[in-house]
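**Q** Once you've had a glance at the structure underneath, I'll fire off some questions.
Throughout, read-outs are computed from the coordinates displayed, never taken from laboratory work. Since this is a predicted model, take the numbers as computed values, not measurements. Glycine also receives a Cβ, built like all others from the backbone with ideal geometry; neighbour counts cover every protein chain displayed.
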Amino acid sequence: MTIAPRLMTGFPAPEQQQVTIANWRTAPFSRWGFQNVRELLPTANIARSDSPTSLPSEPRYLDDVTFAGLDGAAMTLPQGLRAIDTDGFIALHRGRVVAEWYANGLTPSTQHLIFSVSKSFCGTLGGILVAAGKLDPDALVVSYVPEMKGSVYGDCTVRHLLDMSVGIEFNEDYLATEGSIVDYRRATGWDPVPAGAPAAPHLRAFLTTLKHDGTPHGETFHYVSTNTDLLGWVYERACNKPYAKILQDELWAPMGAESDAYIAVDSHGAARAAGGICATLRDLARFGEMMRNNGVSNGRPVVPNDWVHDIRKNGDAAAWSRGKFTVLFPNGNYRSKWYTPDVAREAFSAIGIHGQWIYIDPQAETVIVRVSSQAIPFDMPKDVLWLGACRAIADRLSQ
């Protein structure tokens, strides 16, 4: 049995236990880091609702649900949760909590970093702003952020940002030690600048430097996080207030969040819309349940029904087929920062690196949320395992 190392104990903690900007996304330090982002980075608060949406409990026995494990052999749900480094798991059926599980120090009141699940919040928020007349998805990005003239974003639309179809020169290789992804992390403040290296620009300045790769906008699904950070800036210009406040006022509080969330910001206050939200497991479940109910939470419309329908039905299959994520979801699609893993099924998902998932199956009336501290950022075998687990759980709950 492997015993997890103690981290951040003592005042101060011994050097070998210290979680810092240099190691916080690397195992085993990430287990503490993903639950304590506020102690490592500057953040902006996202305040909870004054009237939280109820999450009644109706436990169901799911420990005997089985699915294919990493070696192909059958595995039970408790075995699977541990095998893929799960920190927290919750399943809802018809809006009721049927199963809930916490590990590695996570509690119901702990905010966990959700990485690119944050993108799905940003894409959902876009629908609210469109309905309010504040945002035009077909408008050029420079009509909101003229600073993007001369960059790859100078001739693309808001819709291209939403659907990850910008023809941008950017390699989102999470294990790279140099190149655009490393420069990006330094600009956000998520990685330290090495001694003797030039100072990193702040995030908004970095966005203005990005260039075309020669691919026409709208033609190919190309997953690049900077698109979503820029989308957050577009929202700020459209609403004339900070991204965290927009998210709080238009989505987080109206959906009935029980706890505050928060989002990482850079040295100039630019929000990491692409991957910086930290939230509790139960509030992530509330978000998923609202989306399952076509944008309605506790009887109150929050997200326009037609925007949710558009997310589920109107992804560009041709653009997806030209992209690199077909290796994960061969029959998948993407729209407004949400994945449809298989267009032949009803389910759609918000997914983040290191094992963050919201899985929504409207047909099975099921929402499943998982937060994790997987060591490898993009671990395809574990994502495939978890997708199989979600489908098995939904099948059981729909019986």
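**Q** Net charge around A394, counting only other residues with Cβ within less than 15 Å of its Cβ (Lys, Arg = +1; Asp, Glu = -1)? Intermediate values should be presented prior to the final figure.
**A** Details: positive: R60, R94, R96, R292, R345, R370, R391, R396; negative: E289, D342, E346, D361, E365, D395.
That works out to +2.
**Q** Let me ask you something else. Using amide H atoms built 1.01 Å from N in the peptide plane, name the residues 5+ places from T43, or on other chains, whose amide H lies under 5 Å from its own.
**A** So T43 has HN proximity to V265.
**Q** With the cut-off at 1.5 for a/c, could you classify region 1-102 from its C-alpha gyration tensor as rounded, prolate or oblate? Don't skip to the end; give the middle numbers.
**A** Values: a/c = 2.79, a/b = 1.28, b/c = 2.19.
Oblate, because a/c is 1.5 or more while a/b does not exceed b/c.
**Q** Sorted by mean Cβ packing within 10 Å, highest first, what order do the peptides 252-262, 168-178 take?
**A** On the way: 252-262: 21.4, 168-178: 13.6.
Going from most to least packed, we get 252-262, 168-178.
**Q** Hey, could you grab the Kirkwood Rh for region 176-230? Inverse mean 1/r over distinct alpha carbon pairs, Å, one decimal. Let's see the in-between values first.
**A** Values: mean 1/r = 0.0797 Å⁻¹.
Taking the inverse mean of 1/r over all distinct Cα pairs, region 176-230 comes out at 12.5 Å.
**Q** Would you pull out the residues with amide H under 5 Å of T157's amide H, same chain only if 5 or more places away, H placed 1.01 Å from N?
**A** Amide H to amide H, under 5 Å and 5 or more residues apart or across chains, T157 pairs with V141.
**Q** While we're here: Can you put L328, L251 in order, fewest other beta carbons within 10 Å first? Show your work: numbers first, answer last.
**A** On the way: L328 15, L251 23.
By the 10 Å Cβ count, ascending: L328, L251.
**Q** Quote the charge dipole size of region 1-125 about the Cα centre in Debye, to the nearest 20; the model charges only the Cβ of Lys and Arg (+1) and of Asp and Glu (-1). Mind showing how you got there, number by number?
**A** Details: 10 positive and 10 negative charges, 53 e Å.
For region 1-125, the charge dipole is close to 260 debye.
**Q** Here's something else I'd like to know. What Kirkwood radius, in Å to one decimal, follows from the Cα pairs of region 235-322? Walk me through the numbers before you get to the answer.
**A** Working: mean 1/r = 0.0683 Å⁻¹.
Across region 235-322, the inverse of the average 1/r is 14.6 Å.
**Q** Now a separate question. Considering only P137, G105, G275, whose Cα is most displaced toward the positive end of the charge dipole of the chain, charges sitting on Cβ of Lys, Arg (+1) and Asp, Glu (-1)?
**A** Of the listed residues, the answer is G105.
**Q** Find the Cα radius of gyration of the chain, compare it with 2.2 N^0.38 Å by division, and give the number to two decimals. Intermediate values should be presented prior to the final figure.
**A** Details: Rg = 20.1 Å, N = 399, 2.2 N^0.38 = 21.4 Å.
Here the answer is 0.94, to two decimals.
**Q** Using a Förster distance of 56 Å, how high is the FRET efficiency between T107 and N314, based on the Cβ-Cβ distance and rounded to 0.05? Could the numbers behind the result be given before it?
**A** On the way: r = 39 Å, r/R0 = 0.69.
Step by step, r from the Cβ atoms, then E = 0.90.
**Q** Using amide H atoms built 1.01 Å from N in the peptide plane, name the residues 5+ places from F67, or on other chains, whose amide H lies under 5 Å from its own.
**A** Excluding prolines and chain starts, which carry no amide H, the hits are M75.
**Q** Which entries in the list K134/K337; K241/K313; K211/K241; K134/K245; K337/K382; K119/K324 go over 25 Å, if you measure between the two C-alpha atoms of each?
**A** Values: K134/K337 19 Å; K241/K313 31 Å; K211/K241 28 Å; K134/K245 15 Å; K337/K382 21 Å; K119/K324 18 Å.
K241/K313; K211/K241, as the Cα separations exceed 25 Å there.
**Q** Let me know the charge dipole size of the chain about its Cα centre in debye, to the nearest 20, where only the beta-carbon of Lys, Arg (+1) and Asp, Glu (-1) is charged.
**A** On the way: 36 positive and 42 negative charges, 83 e Å.
Charge dipole of the chain: 400 debye, to the nearest 20.
**Q** Ranked from highest to lowest mean number of other Cβ atoms within 10 Å per residue, what is the order of the peptides 227-236, 52-61?
**A** Values: 227-236: 26.3, 52-61: 13.0.
Averaged packing, sorted descending, gives the order 227-236, 52-61.
**Q** Right, another one. Given N residues in region 107-241, what is its alpha carbon radius of gyration divided by 2.2 N^0.38 Å?
**A** On the way: Rg = 15.5 Å, N = 135, 2.2 N^0.38 = 14.2 Å.
Cα-based Rg divided by the globular estimate yields 1.09.
**Q** Output ³J(HN,Hα) for region 114-121: one whole-Hz value per residue in order, computed from phi by the Karplus curve 6.51 cos²θ - 1.76 cosθ + 1.60 with θ = phi - 60°, and x for Gly and Pro.
**A** Here the 3J(HN,Hα) series is 10, 6, 6, 4, 4, 4, 5, 4 Hz.
**Q** So, one more: Whole-Hz ³J(HN,Hα) for each residue in region 214-223, computed from phi via Karplus 6.51 cos²θ - 1.76 cosθ + 1.60 with θ = phi - 60°, x for glycine and proline: what do you get?
**A** Per residue, the Karplus-derived 3J(HN,Hα) values read x, 7, x, 4, x, 8, 9, 6, 10, 6 Hz.
**Q** Can you work out the Karplus-derived ³J(HN,Hα) for every residue in region 326-332? Use 6.51 cos²θ - 1.76 cosθ + 1.60 with θ = phi - 60°, whole Hz, and x for glycine or proline.
**A** 5, 5, 8, 10, x, 10, x
**Q** If you average 1/r over every pair of different alpha-carbon atoms in region 53-93 and take one over that average, what Kirkwood value in Å do you get? Before the final figure, lay out the partial values.
**A** On the way: mean 1/r = 0.0849 Å⁻¹.
Averaging 1/r across every pair of different Cα atoms and inverting gives 11.8 Å.
**Q** With charges only on Cβ, +1 for K and R and -1 for D and E, what is the dipole size of region 253-331 about its Cα centre, in debye, rounded to 20? Don't jump to the answer; show the numbers that get you there.
**A** Details: 9 positive and 8 negative charges, 57 e Å.
Here the size comes out at about 280 debye.
**Q** So, how do all the Cα-to-Cα distances of region 355-399 break down into 10 Å bins, in percent, from 0 on up?
**A** Per 10 Å bin, starting at zero, the Cα-Cα P(r) for region 355-399 comes out as 27, 50, 20, 2 percent.
**Q** Distance between the C-alpha centers of region 4-31 and region 374-398? Whole Å please.
**A** Taking the Cα centre of each part, region 4-31 and region 374-398 sit 28 Å apart.
**Q** Further, regarding this structure: So how do 5-16, 291-302 stack up, highest first, on mean other-Cβ count within 10 Å?
**A** Numbers: 5-16: 10.8, 291-302: 18.5.
Descending packing order for the listed peptides: 291-302, 5-16.
**Q** Please state, as a whole number in µm²/s, the translational diffusion coefficient that the Stokes-Einstein equation yields for region 99-166 at 10 °C and 1.306 mPa s, with Rh defined as the Kirkwood radius across alpha carbon pairs. Intermediate values should be presented prior to the final figure.
**A** Working: Rh = 14.5 Å.
The diffusion coefficient I find is 109 µm²/s.
**Q** Using the Cα atoms of region 238-387 to build a convex hull, what is its mean projected area in square nanometres? Don't skip to the end; give the middle numbers.
**A** Working: hull surface 40.3 nm².
The number I arrive at for region 238-387 is 10.1 nm².
**Q** Further, regarding this structure: Which residue, chosen from A394, Y334, H354, occupies the Cα position most advanced towards the positive end of the dipole of region 295-399, where the dipole is computed from +1 (Lys, Arg) and -1 (Asp, Glu) charges on Cβ about the Cα centre?
**A** H354
**Q** Divide the volume of the convex hull of the Cα atoms of region 37-191 by its number of residues and quote the answer in cubic angstrom per residue.
**A** Details: hull volume 32.2 nm³, N = 155.
Output value, Cα hull per residue: 208 Å³.
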